[in-house]
Amino acid sequence: MADPKIEPYNGPAGGWGSAASLAEILLREEIPASGAALLLKQNKPDGFMCTSCAWSKPSKPAMFEYCENGAKATVWEQTPKRVGPDFFAEHTVTELLGWSDYALEEKGRLTHPLRYDPASDRYVPVAWAEAFAEIGWELRALDPKSVVCYASGRASLETSYMYALFARMYGNNNLPDSSNMCHEPTSVGLKASIGSAVGTTVLEDFETTDLILFFGQNVGSNSPRMLHPLQEARKRRVPIVTFNPLRERGLERFTNPQSPIEMATRSETEISTQYHQVKAGGDIAALTGMCKALFSADDEAQAVGRPRILDVAFIEEHTHGLDAFKAFCEGQDWAALEARSGLTRAAIESAAAVYGRARAVLGVYGMGLTQHRKGTESVQMLVNLMLLRGNVGRPGAGLCPVRGHSNVQGQRTVGITEKPELAPLDTLAEQYGFEPPREKGLNTVEACEGILDGSVKAFVSLGGNFVRAIPDTVRMEEAWRGMRLTVQIATKLNRSHLVNGTVAYLLPCLGRIEIDAQATGIQAVSMEDSTSCFHGSRGFTKPVSAEVRSEPWIVAELAKATLAPNPKVDWDAWVGDYAKVRDAIEATYPSVFHDLNGRMFEPGGLHKPIPARERKWETETGKANFIVPAGLDEDPDMPARGPDILDLITLRSNDQFNTTIYGYDDRFRGVKGTRMILFMNAADLARIGVRDGDSVNLSTPSEDGFTRTVKGLRVIAYDIPPGNCGGYYPELNPLIPLWHHDEQSKTPAAKAIPVRITPSTRRPRDP
Ligand SMILES: Nc1nc2c(c(=O)[nH]1)N[C@H]1C(S)=C(S)[C@@H](COP(=O)(O)OP(=O)(O)OC[C@H]3O[C@@H](n4cnc5c(=O)[nH]c(N)nc54)[C@H](O)[C@@H]3O)O[C@H]1N2
Ligand SMILES: Nc1nc2c(c(=O)[nH]1)N[C@H]1C(S)=C(S)[C@@H](COP(=O)(O)OP(=O)(O)OC[C@H]3O[C@@H](n4cnc5c(=O)[nH]c(N)nc54)[C@H](O)[C@@H]3O)O[C@H]1N2
Ligand SMILES: [Mo]
């Protein structure tokens with residue numbers, strides 16, 4: 001690793017920087033020219049769906065319909081490097097626990113099914129049949145309520161449907177999903193507000209909108225293909241108003257790396273027309289201020305007989321609860337709104353003024369809104385603002401939560417949920433002739449609580465890196481080892497595989513880009529993108545080894561080894577022909593899927609009906625609800641913020657996909673060669689008595705009897721609001737108490753963690 005370097009980066013998002021970064025990774029991963037050709041198939045109607053983010057796949061894709069980070073994901077999966085039995089013969093699990101996330105995954109793809117051997121402290125090869133026989137035996141011996149079946153949002157609709165059915169036939173709804181750490185406040189918040197648990201926009205809305213609001217989403221790193229519709233909108237002079245504590249480069253300016261002219265002339269498009277550096281957790285206050293300003297402008301307009309600011313007709317016909325909401329906004333004084341948001345009244349009013357003039361507005365948001373103690377309320381505050389001017393359920397307007405994993409939304413659509421009311425249990429009972437469990441299952445945080453108190457005894461993981469992604473990672477790792485059984489289905493080695501239960505299996509699977517041949521021929525899979533479109537995806541490359549199996553096959557074998565035979569579920573027939581799984585999905589969800597088999601490869605995908613988009617409000621009141629927040633604070637019950645305590649925002653770099661670390665650079669933020677850093681405001685540096693370049697330790701000032709510390713971070717003076725600091729996920733996850741989560745959805749509050757900063761004698765060093 002090169003010496004760490006910190007220097008401001010002046011380039012745009014995209015541009016030559018992205019081309020260089022991609023070239024570097026192709027070279028490092030030893031990808032031959034054929035690998036680069038593969039990228040031409042990415043996100044195309046007849047190709048494969050990107051394994052990185054869930055952003056929409058346009059019906060008329062560009063020649064290169066991928067971004068720097070999507071290409072990195074492809075290359076990372078399709079690496080020629082392999083982690084086979086010889087690798088595990090050389091390294092004990094204890095030794096591998098000392099490796100970094102980067103080093104573990106970088107060694108390459110898993111090639112053989114493995115079982116942990118405690119005598120030698122190594123993973124050793126095992127035959128598939130033997131593995132399933134033992135796992136099935138173990139699962140049958142356990143109480144199904146003590147077993148958790150986690151899914152990370154990448155697996156296809158077909159796999160996810162089979163997996164959820166397996167868990168329910170086995171006897172639990174313990175189906176936490178990565179979305180429990182992510183957009184769960186969207187599912188809970190939007191459902192209560194507008195009756196649809198997902199976004200209401202489609203890609204075409206970007207072509208007709210005339211204002212885009214951006215709350216806490218880092219488009220340049222986490223959904224770069226979205227920069228194309230944003231750039232198009234900016235060319236139409238559509239304003240973009242951004243709320244983000246950090247000045248993220250992708251929200252400032254962009255050069256399309258696929259436009260030869262833009263590249264040659266180094267021309268850049270300005271993205272945000274207003275940039276508000278809101279304090280972490282200050283969005284409820286900022287949004288309240290905007291609504292307050294709109295109410296006051298509307299009162300004025302009414303008084304002098306000018307056209308109203310509020311969409312009165314919409315509000316009357318379609319909404320509930322305006323009066324209480326108006327009273328709440330009017331009851332807040334500007335001083336409090338300014339203090340909590342960190343923005344001036346003038347700034348908030350200028351955002352409100354643009355909003356008040358726009359005809360059709362899109363509300364885009366990400367983890368900056370959801371990962372707070374009041375994440376659900378933050379999402380609902382954005383909805384309140386949108387409802388004031390009828391910006392839901394009409395062209396060019398709507399809510400656009402930007403989803404994470406490529407099929408995270410689809411997994412929920414086909415039954416991966418711990419909430420029994422969200423799964424069509426009666427239909428499943430009839431379709432498959434069994435009695436599904438009716439009691440609520442465990443979500444991510446509850447699964448962790450169960451592992452801590454010993455009531456969870458087994459954990460099956462369909463992808464992901466759970467132990468690294470959750471809060472309180474050090475505390476959780478210890479408890480994790482107390483489980484009887486851990487089963488990990490994965491493409492690459494990660495830390496969760498090394499912190500194993502007494503009986504542990506590591507089962508390697510095909511990636512989405514590989515050819516998946518089954519009894520009736522080569523199979524395709526399907527998934528749902530961020531704007532509720534279903535797409536087909538087929539593989540193109542040779543499987544990494546003869547021993548890896550597809551995810552549907554692995555789930556089917558798990559089910560067959562665990563469950564009593566059921567004449568109504570022919571797992572083998574499903575695996576032989578995934579079209580039959582899609583037929584089954586359609587039979588379970590007839591109002592959602594129509595001719596998925598016939599239409600999944602249609603350009604632009606197959607739209608899922610979204611009732612709120614049609615202004616059908618499936619809420620308790622039958623209307624879209626204004627929901628009054630409890631207060632202005634998104635993270636209210638933190639200990640008093642003393643002078644040495646800041647609110648920590650955990651961030652993704654431009655060189656990672658969640659816990660997968662591609663490298664140690666974060667080009668847009670000017671960081672090279674390290675991830676152990678802490679971004680701080682210059683005023684806080686002086687007050688706390690540390691300097692740029694110093695080494696510091698962080699600890700959580702919680703009073704629950706646990707010590708939570710991360711040592712040796714290098715301080716960087718950075719443009720971040722005073723009182724906030726920032727650093728990287730997952731390195732800083734040991735600092736998040738498990739109980740520090742959104743009250744309603746239990747999503748860990750990873751964007752405002754109180755931390756104490758103390759000088760360190762340790763040299764900043766990456767693991
Ligand atoms: N390349 C790449 N792509 C990814 C991922 C990845 O790791 N790498 N992860 C995928 C996944 S699973 C997800 S969920 C998405 C995540 O994508 P995002 O939703 O963009 O998530 P983050 O990067 O965690 O942070 C979002 C932004 O919120 C801002 N922010 C922090 N606190 C606040 C706040 O209180 N208010 C406001 N307004 N803003 C705040 C941060 O400065 C940051 O710019 O991306 C997906 N795509
Ligand atoms: N502090 C903090 N914590 C966070 C967040 C944050 O912003 N801050 N973000 C949260 C969010 S939004 C999310 S979504 C979670 C992510 O949590 P997870 O989804 O659990 O984690 P990932 O890092 O996406 O999982 C990576 C692993 O997935 C496996 N994998 C990759 N491709 C495949 C495949 O095709 N099939 C299978 N079976 N396995 C595969 C590989 O083994 C790889 O190591 O983390 C959450 N944790
Ligand atoms: Mo996510």
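As a proxy for reagent exposure, ranking E158, E65 by other Cβ atoms within 10 Å from fewest up yields E65, E158. Across segment 514-651, C-alpha contacts under 8 Å between residues 6 or more apart give a mean separation that, scaled by the residue count, equals a relative contact order of 22 percent. Counting 0.36 nm for each residue step from A37 to E130 and taking away their Cα separation leaves a gain of 29.6 nm. Cα-based values for segment 666-736, radius of gyration first and Dmax second, are 12.5, 39 Å. Ranking P224, L22, G189 by Cα position along the charge dipole of the chain, where only Lys, Arg, Asp and Glu carry charges on their C-beta atoms, puts L22 farthest toward the positive end. Normalising the average separation of contacting C-alpha pairs (under 8 angstrom, six or more residues apart) by the number of residues puts the relative contact order of segment 464-530 at 27 percent.
Can you put S18, S120 in order, fewest other beta carbons within 10 Å first?
Listing S18, S120 from fewest to most nearby Cβ atoms yields S120, S18.
One chain, two ends: T273 and A19. Fully extended at 0.36 nm per residue, the span grows by 88.8 nm beyond their Cα-Cα distance.
Say R0 is 60 Å: what FRET efficiency, to the nearest 0.05, do A324 and T265 get from their beta-carbon distance? So the FRET efficiency works out to roughly 0.65. Remark: the chain carries a charge dipole of roughly 1140 debye about the Cα centre, counting +1 on each Lys and Arg Cβ and -1 on each Asp and Glu Cβ.
Quick check: Cα centre of segment 269-295 to Cα centre of segment 640-662, how many Å? Cα centres, segment 269-295 to segment 640-662: 22 Å. Using Cα-Cα distances under 8 Å and only pairs 6 or more residues apart, what relative contact order does segment 202-396 have, in percent? Here the relative contact order equals 31 percent.
Screening the chain for DSSP H helices whose Cα atoms reach 27 Å or more along their own axis and whose mean Kyte hydropathy is at least 0.0 gives 283-304.
In a reduced charge model with +1 at each Lys and Arg Cβ and -1 at each Asp and Glu Cβ, segment 327-454 shows a dipole moment near 800 debye about its Cα centre.
From least to most packed, judged by other beta carbons within 10 angstrom and beginning with the fewest, F593, F87 follow the order F87, F593.
Only the coordinates and a few stated rules stand behind these numbers; no lab work does. Everything numeric here is computed off the predicted structure, so don't read it as measured data. Cβ atoms come from the backbone with ideal geometry, glycine included; neighbour counts cover every protein chain shown.
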